[in-house]
């Protein structure tokens, strides 16, 4: 758990693929955003209950944002929408591949504003056409970016050895993350452990050369 001044960030690892489900809770308002309802509704319910303790106000899930359309990131989406009544959002180009209706289409640079915090959409095209990262700018310390399957410790996401897709993804990751944000930015990926941009920056040229 990340305890920040205005929000808390909680996460749960679900499924045999170690998918990360993230929950952001505003401390003053109780407003919540869930990122990637990947699987395991009971685990998500537990996460929501824990997040409800982070604010004196009643907690309410305002939105469920899907970072990309791959099946392992949406298996509990329909159930979580039914449970919470929350609106849904995803990158514009991925919406057609998500079976659950999407209320909000996210394009690069869009700002989703909630009671107590906001998230900036950063398109990282390549893993899927509409993959989107979500940036929380922390006024009191390092910012946090939720990268889905587009950036991990050690490299970018899988592009199935397609040179065009890899070029698109590495270009977006370099320009829209590494050229845009400072080294202390915390990276929360779609699977496994997190990292920082500073820890990964020295390896960008290596990733380009190897092609994955």
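Among the conditions (1) more than 16 Å from the chain's Cα centre (by Cα); (2) in a loop (DSSP other than H, G, I, E, B); (3) buried (at least 20 other Cβ atoms within 10 Å of the Cβ), residue 58 misses just one, which is (3). Name every residue in the stretch 159-171 that is assigned to a loop (DSSP other than H, G, I, E, B), surrounded by fewer than 17 Cβ atoms within 10 Å (Cβ to Cβ) and in contact (Cβ under 8 Å) with a residue 24 or more places away in the chain, in order of residue number. Within the stretch 159-171, 161 is the sole residue that qualifies. Within the stretch 1-39, being free of Cβ contacts under 8 Å to residues at least 12 places away in the same chain, part of a strand (DSSP E or B) and closer than 20 Å to residue 79 by Cβ holds for one residue alone: 13.
Scanning the stretch 182-204 for residues that are without any contact (Cβ under 8 Å) to a residue 60 or more places away in the chain, under 17 Å from the mean Cα position of the chain (by Cα) and crowded, with 20+ Cβ neighbours inside 10 Å returns 185, 187, 197.
Values in this text are rule-based calculations from the coordinates and carry no lab data. Values in this document were obtained by computation on a predicted structure and should not be read as measured data. Counting neighbours? That spans all protein chains shown, and the Cβs are built from the backbone with ideal geometry, glycine included.
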